[in-house]
1. Do any trypsin sites (Lys or Arg not before Pro) in the stretch 181-284 lie in a loop, going by DSSP, with at most 11 other beta-carbon atoms within 10 Å of their beta carbon, and if so which?
2. Tell me, what HN-Hα J-couplings in whole Hz come from the Karplus equation 6.51 cos²θ - 1.76 cosθ + 1.60 at θ = phi - 60° for each residue of the stretch 332-346, using x for Gly and Pro?
3. Let me make sure I get this right: for the stretch 25-168, a, b and c are the square roots of the gyration tensor eigenvalues over alpha carbons, sorted descending. Under 1.5 in a/c it's rounded, otherwise prolate if a/b > b/c, else oblate. Which is it?
4. Name the residue, out of Val141, Val341, Val193, whose mean-square fluctuation peaks in a Gaussian network model built on the chain with Cα pairs under 10 Å.
5. Which residue, chosen from Tyr99, Ala66, Leu327, occupies the Cα position most advanced towards the positive end of the dipole of the chain, where the dipole is computed from +1 (Lys, Arg) and -1 (Asp, Glu) charges on Cβ about the Cα centre?
6. Which of Gln139, Gln67, Gln83 ends up with the largest GNM mean-square fluctuation for the chain, with Cα atoms connected below 10 Å?
7. Need the full-extension length gain, Val294 to Arg266, defined as separation in residues times 0.36 nm minus the C-alpha distance. One decimal, nm.
8. Setting aside same-chain residues fewer than 8 positions from Lys37, which lysines have a Cα under 21 Å from its Cα?
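Derivation of every value follows stated rules applied to the coordinates shown; laboratory data play no part. All values reported here derive from a predicted model rather than from experimental measurement. We place every Cβ from the backbone using ideal geometry, glycine too, and count neighbours over all the protein chains shown.
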Amino acid sequence: MNLEVDVYRRLGAFTLEARFSAGAGLTALFGPSGAGKSSVVNIIAGLLRPERGRVVVDGRVLLDTAQGIFVPKYRRRIGYIFQEPRLFPHLTVRQNLLYGRWFTPDSERRERLDEIIELLGIGSLLSRGPALLSGGEKQRVAIGRALLASPHLLLMDEPLAALDEARKSEILPYIERMRDESRVPIVYVSHSVPEVTRLATTMVLLAEGRVAATGTVSEIMGRLDLGPITSRYEAGAVLEMRVASHDDVYDLTTLRSQVGELRIPRIDAGVGTSLRIRIRSRDVVLALKPPDSVSALNLLSGRIAEVRRLDGPVADVRVELDGEVLLARVTRFTIDRLGLVPGRPVFAIIKAVAIDRRSLSQVRSMSDDIDEITL
């Protein structure tokens, strides 16, 4: 699947001018509130007409203002998941699921009811009405209803925004599994750093109606110049590693990659499993020499690639680790006291307890074409 978007639209004082392309998997439209994320997905869905634009999904032109093409929303074969599930209150879960299939010709139905029920773990809910479901259960049913319409593309506009943390934790694994096992590509709107770093195959960063950057999560989150957009207070980089061993005595797991080893609280993943790990910049300490007698278990060696002084007392440091990138947030006083300049060798110290399950997602491949599943 390939998605091509090139649109221009004025909305009062706001101008949207976004151009990007993405492949299979989950493409995250990420950025602060008001960046234009929902406007982009509404244009893709056919709910909003741009003054100028072109939208192509897997070679099928849905919009081309130069050619006078505007496929009506009901013919675009796009599933749309909103913040609120919007289930039919008078129908059971099974009836809600089957609703989308009524509008899909038999020859075009790709998804089977039993497969979607198993994928989303909703088999025990089929006879219930929406009023008897939790927020996370309602959203899973809404996703299943959209998938059973056999869409060519699935749009998810901040689907977890209305859920509390417990319900988000409940539904995230199902979105990961859907991304990996469903044949439907996904465009996912969010301004949550943890969600995007856990879910995204491709990341499109939006700011003030324009695309600031497009790339993998590791590429985008590892850039200091994008910090004001990716969230200054949640800054951090993403590493890809494998499970090397488990320590039954101390209940730890050792991860390994070309950058070295990390010990983290034990996780339920087999040896050899590939992981994507988000390490927050505030959890990284820099040293010029390997420290002795410290509680932190993790020490990685690298070289300073970039230093960016922020407003106030802090600065961000980008450290290269044999092909990977780590970010550290320190004081400007530390920068001057230690002489931290590009090219200088340093050691990055990371506390094991700073890496929790919310910072991890399991990946099937360490290649550039990452296909993830959850822990």
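1. Sparse-neighbourhood loop trypsin sites (Lys or Arg not before Pro): Arg183.
2. Per-residue couplings from phi come out as 5, 4, 5, 4, 6, 5, 8, x, 7, 10, x, x, 7, x, 9 Hz.
3. oblate
4. Comparing Val141, Val341, Val193 in the GNM, the peak value goes to Val341.
5. Ala66
6. Gln67
7. Taking 0.36 nm per residue and subtracting the Cα distance, the gain is 8.0 nm.
8. Those lysines meeting the cut-off are Lys73, Lys168.
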